[in-house]
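The values are calculated or read from the model by the stated rules, or taken from the named source; none is laboratory data. These numbers were taken from a predicted model, which means no experiment stands behind them. Glycine also receives a Cβ, built like all others from the backbone with ideal geometry; neighbour counts cover every protein chain displayed. The area values use the complete protein model at the heavy-atom level, side chains included, leaving out ligands, DNA and RNA. Shrake-Rupley method; radii C 1.70, N 1.55, O 1.52, S 1.80 Å.
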Amino acid sequence: SSLKKFDEIKKANQAAAKKLVEDHLSSSSEDDDEDAEVKQGKILDKTFTIYTSQTDGDASELERTRQYMNEAFQSGAMTCLICIASVKRNQAVWSCCGCFCIFHLVCIQKWAKDSLFLVSSPLTDDDFGKKDYPWPCPKCRFEYKRSETPSRYYCYCGKVENPTVDPWLVPHSCGQICEREFKPSCGHKCLLLCHPGPCPPCPKMVTTTCHCKKAKAVPRRCSAKEWSCRLPCGRTLLCGQHTCENPCHAGDCQPCPRVSKQRCICGRQTAERLCASPQWQCDQVCGKCLPCGNHTCEQVCHAGPCGDCPRSGKRSCPCGKTKFTLPCTEDVPTCGDSCDKVLECGIHKCSQRCHRGPCEICRQEVEKQCRCGKHTKRMPCHKPYLCETKCTKIRDCQKHQCRRKCCSGNCPPCDQVCGRTLGCRNHKCPSGCHRGSCNPCPETVDVKCCCGKTVIKVPCGRERTIKPPKCKQLCSRPPTCHHSTQEKHYCHFGRCPPCRQPCQKTLTCGHLCPVSCHDEALVKQTGVHQSAGPWEQPSEPAFIQTALPCPPCEVPIPVECLGQHEVSPLPCHSANPYSCKRFCGRLLDCQNHTCMKECHHVTKSNSSADGKKAGPECSQCEEECTKPRPAGCPHRCVLPCHPGDCPSCLQMLKIKCHCKLSVLYIECLKLTCADLKEKELLISCRNQCPKEV
């Protein structure tokens, strides 16, 4: 069972990861880098090519359309106001023809269905279900008929059903020429490729004249074909006396602004009035004598004859049953019969005799039923009867009871505020209590960059999930390292990127540190947390930001070895005399051999001018003298290895004389230095030679 549960969780995680990847790849914000901006610019240029070719490259009229298209590419800018979710490339959508707002097709279908259900509810009117009542757009309240409820997914221009997702086209566009009629209609069609938002003004050239038709016809853009020549209009005004002096204008001329003296209708008074309103009434009563000769006209300033006296002819009594023919100077008497006029209650009649003035209120005692029909009571007819029973019916909101005293059953709409939290989770519904889902939050929220100079407006509720806009302003934060200025980079949230400028601090050796700034280096913390055992999962390594010391100076410095054999470049931090591992090679005091020690330091004496002479640190020569001896000297030099010539040999040579009879002892020096004659004398024993002749 545990393996089965593990497999289920594994599959669920894999499905969630796959869906996340698909949503990321299919979203309208999949290109966030600079290459995506270049690609977006190419798509916009391709969309506007045909239009700008008609306007000689002028794209000033395309700013509103460009804004809608930029929102189609921008991360999170296209948001369905019904579900408060992003509109993605691969989702079916519907666009309102009034405000051009884009909704998910499924969301707008549910919205239309709910709106029609609420309007046609039998609790409101029994006939609503038989009538074709409209449903409104959630944003602009533009009304659509029931038959106009969207059922299929079309591109913006409505030509292609289920347009394919093409990364080189505007999302939800078919890529064909729009060809929608311009508004207001001019007979031409839109030249852009299938696009969101309103079509731009018509760029076609037409020949047209001014409003007053006085100027010659000139070629102008169809969207601006109505123009004024700025000359006086000259048309005759409604007063019939003056002409319009305003510059050439559209529509009817304004009323004449001039003032003139004009008589009132009765002709008694004269006043200065606008020429546009010549007829006026004064405040005086007419006062002319009527034909009867007894009364005067009581009408206020009027035209024509005053008419007959209103008291002449047959007149009725107050109750209207009897007619009298009397002079206009006499009042009509009462007839003496009962009044019989219907009283205010609408049931009973007045029982008084014929009288002048209004009838009294109805005072008859009747059995009256209350408005809700649950109770009866005997009381005067003119008094209304309302019981204290409170209505328990549910109002049209289907949540609250009516609770109105003595309700007739036609309960009024719920007067409480809905108060439910809207989809944005920031505001509550301000509408009266209602059924169904609440309208989308109408508020918009400004999403700003870190410096606040770049702002985008998004529907309320989307500010928590949308990415902040990319700001092209340079970051203005002060540097956090020792440099006076930081590297130029764009505005951003969070910490500034690490400084990559050369450190340039002065080292102890006097050189400047050449490595990148290391005032805020990330260093891995070790030994912070000791695991309790092998079963505990290793935690992620913690990094702290700290200032590192400058590394050792690596500037190459020429340094001579100890024995002055060579000069090599060494890093400044280790630029000390060194041993080159060669033999010293300096000439020893014996002047015959060199120092065989490894390269070493030699103390120089002031008396020694020769740099190659051995010093006290060099080795001492312990060899025997190997200099060649004088010819004939068989002895070695008695001195150790020494400079200069060897001393004279003082040893005695044992030599036999010429006759071989005597042994002579002769100094080696005398023998080696003597010539032949002297040698013969030295070898001679001076005795009688025994040899035979």
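Within the option set 301, 350, 354, 319, being closer than 30 Å to residue 238 by Cα and out of contact with any strand residue (DSSP E or B) (no Cβ under 7 Å at 6 or more places or on another chain) holds for one residue only, 301.
Whenever a residue of region 242-271 is loosely packed, with under 12 Cβ neighbours inside 10 Å, its partners that are among the β-branched types (Val, Ile, Thr), lying with C-beta atoms within less than 6 angstrom and at least six residues away or across chains, give the pairs 261/270. Does region 60-82 contain any residue that is in contact with a strand residue (DSSP E or B) (Cβ under 7 Å, 6 or more places away or on another chain), modelled with pLDDT of 80 or more, assigned to a loop (DSSP other than H, G, I, E, B) and of a type outside the set (Asp, Glu)? Yes: region 60-82 contains one or more residues that are in contact with a strand residue (DSSP E or B) (Cβ under 7 Å, 6 or more places away or on another chain), modelled with pLDDT of 80 or more, assigned to a loop (DSSP other than H, G, I, E, B) and of a type outside the set (Asp, Glu). Hey, could you check region 642-681 for residues that are among the acidic types (Asp, Glu) and farther than 13 Å from residue 632 by Cα and say which is most open to solvent (accessible area, probe 1.4 Å)? Ranking the candidates gives 645 first.
Taking the criterion of being of a type in the set (Val, Ile, Thr), open to solvent by 30 Å² or more (accessible area, probe 1.4 Å) and free of Cβ contacts under 8 Å to residues at least 12 places away in the same chain, would at least one residue in region 459-476 satisfy it? No. Quick check on region 559-605: of everything there that is at positive phi and out of contact with any Ser or Thr (no Cβ under 6 Å at 6 or more places or on another chain), which residue is most open to solvent (accessible area, probe 1.4 Å)? Across region 559-605, the extreme among qualifying residues is 581. Please determine whether any residue of region 89-108 is among the basic types (Lys, Arg) and either touching a strand residue (DSSP E or B) at 6+ places or on another chain (Cβ under 7 Å) or at pLDDT 85 or above (or both). Within region 89-108, none of the residues are among the basic types (Lys, Arg) and either touching a strand residue (DSSP E or B) at 6+ places or on another chain (Cβ under 7 Å) or at pLDDT 85 or above (or both). Filtered by the rule that a residue be assigned to a loop (DSSP other than H, G, I, E, B) and open to solvent by 50 Å² or more (accessible area, probe 1.4 Å), region 495-509 gives 495, 497, 498, 500, 504, 505, 508, 509.
Among the residues of region 181-216, write down those that are on the phi < 0 side of the Ramachandran plot and open to solvent by 60 Å² or more (accessible area, probe 1.4 Å).
Of everything in region 181-216, those that are on the phi < 0 side of the Ramachandran plot and open to solvent by 60 Å² or more (accessible area, probe 1.4 Å) turn out to be 181, 183, 184, 185, 189, 204, 205, 207, 214, 216.
Restricting 355, 382 to residues that are farther than 30 Å from residue 296 by Cβ and not hydrophobic (A, V, I, L, M, F, W, C) narrows the list to 382. On inspection, residue 157 qualifies as in contact with an Asp or Glu (Cβ under 8 Å, 6 or more places away or on another chain), assigned to a loop (DSSP other than H, G, I, E, B) and without any contact (Cβ under 8 Å) to a residue 60 or more places away in the chain.
Yes or no, residue by residue, for (1) more than 30 Å from residue 113 (Cα to Cα); (2) loosely packed, with under 13 Cβ neighbours inside 10 Å:
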residue	(1), (2)
339	yes, no
360	yes, no
384	yes, yes
397	no, no
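Whether a residue is in contact with a Leu (Cβ under 7 Å, 6 or more places away or on another chain), open to solvent by less than 90 Å² (accessible area, probe 1.4 Å) and assigned to a loop (DSSP other than H, G, I, E, B) was assessed, and residue 440 passes this test.
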